[in-house]
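Novice: Got a structure for you, questions after.
All of the numbers you see were taken from the coordinates with simple rules; none came from a lab. The shown structure was predicted, so the numbers you read here are calculated from the model rather than taken from an experiment. Please note: Cβ atoms are built from the backbone with ideal geometry, for glycine as well, and neighbour counts cover all protein chains shown.
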Amino acid sequence: MTVPAIDKALRRRLLRVQAAVWVLFYIFLILYSIQKWEQPIFGVLSVSIATITYLLAVYGNAAWLIPRYYKTDRKPLYFLISTLFVGALVVARMYAEQQALKPIHSTFYDWRLPHFSFVFITNFLAFLFGALLSITIDYLHLLRKQEEMKHQQLASELNLLKAQVQPHFLFNTLNNIYYLAYTKNEKTAEVVARLSDIMRYFVDEAPMERVPLRNEIGFLKNYIELEQIRMLHKATLTFDPDGVNDSLLIPPMLLIPLVENIFKHGIDKAVTQNEVSITLEQHDGYLHFITGNSHHQQEHNGKGGVGLTNLRKRLTILFGNDFTLSTEKTDHCYKAILKFPVA
């Protein structure tokens, strides 16, 4: 959402709030005033005249005088015109009340000091309320703009972190292709084809905020096949994504770091038996992604390096503290658990 869109939405909300406040204020004054008059119509007239001048005082100051004079560094002119403006409102209200109400209340609604003092004080307070309203609106706009700037900053940081996954991933993949080409492996062409599918995912899906889970699963399967092709002894791998709704929308490339971590740090290419399990589950509005692999002595310490550090930063931006990223290590198994909310 752009700043102009936010300002427009905020303006509509403020207008609704102000309209509701003025209606309630008017009704309250009516209920209070009609009790003081033998004929209720004069109470309505009194309140209506006063409310009109209050509206003029509030919005004349907030929407005209302050933006046109005070905020344009013409403060002396602002105070001069404000004095004339309030004076004109006082005179207009006194005249309207004298014409409409003096026959009923001749001892008050005339041009003497009690009437003037009451009208001046109430209209001056309304004028000051206009200044307060202007300050409040400016403050709310500032808060929304700061919120938008923070959102844009987080979006930029998220895009940067997402972009960092691609060269990190491609570096590892190109190493695999180099190895196959160097050994003149017949599977080189198949690996290049898999890489082409993965690159298409990078271009079409990775820049999006959300992608269907089925697309992410397809991306994972391509990566797993690519890794398995270059291994002398394929890992015994189980991948069970059938227990979830594959139309769920999730942020792209959240799952790949855990899978990549298996093949980078959890596979011992010198042994014939490498067991890998990958599970997707959905419980109570959360997606659970669990990876496990057999543990070998020469295996990396499990911290996952740049990939998992990058992933944790992305998860924090996307979900705050509402996610879990943990690892478990035993004598024979290394497990990584990722949990985050889904719609």
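Novice: What list of ³J(HN,Hα) values in whole Hz, one per residue of the stretch 318-323 in order, does the Karplus curve 6.51 cos²θ - 1.76 cosθ + 1.60 (θ = phi - 60°) give from phi, with Gly and Pro shown as x?
Specialist: 6, 10, x, 9, 8, 7
Novice: Longer than 27 Å from Cα to Cα, which of Lys150/Lys264; Lys71/Lys145; Lys264/Lys329; Lys264/Lys339 are they? Say none if no pair is.
Specialist: Violating the 27 Å Cα-Cα cut-off are Lys150/Lys264.
Novice: Please report the base-10 log of the normalised intensity I(q)/I(0) for the chain, using a Debye sum with one equal scatterer per alpha carbon and no solvent, at each q in 0.10, 0.12 (1/Å).
Specialist: -0.72, -0.89
Novice: To one decimal place, what Kirkwood hydrodynamic radius in Å is obtained for the stretch 185-341 from all pairs of distinct Cα atoms?
Specialist: Hydrodynamic radius (Kirkwood, Cα only) of the stretch 185-341 equals 16.3 Å.
Novice: Further question on the same structure: Computed FRET efficiency, Cβ-Cβ of Asp322 and Ile27, R0 51 Å: what is it to the nearest 0.05?
Specialist: About 0.70, to the nearest 0.05.
Novice: Also, I was wondering about something else. In percent, how large is the relative contact order of the stretch 185-341, given Cα pairs closer than 8 Å and 6 or more residues apart?
Specialist: This gives 20 percent for the stretch 185-341.
Novice: What shape does the stretch 3-148 have by the C-alpha gyration tensor, where a ≥ b ≥ c are the square roots of the eigenvalues, rounded means a/c under 1.5, and otherwise prolate means a/b greater than b/c and oblate the rest?
Specialist: oblate
Novice: Okay, next question. For the chain, with the dipole built from +1 on Lys and Arg beta-carbon atoms and -1 on Asp and Glu ones, taken about the Cα centre, which of Leu311, Gly266, Trp22 lies farthest toward the positive end?
Specialist: Ranked along the dipole, the leading option is Trp22.
Novice: How many nm is it between the label spots at Ala63 and Tyr182, if each spot is 7 Å from the Cα in line with the beta carbon?
Specialist: Result: 7.4 nm between the two label points.
Novice: Positive end of the dipole of the stretch 185-341, charges at C-beta (+1 Lys, Arg; -1 Asp, Glu), about the Cα centre: which of Met231, Gln282, Asn215 has its Cα farthest in that direction?
Specialist: Final value for the positive-end residue is Met231.
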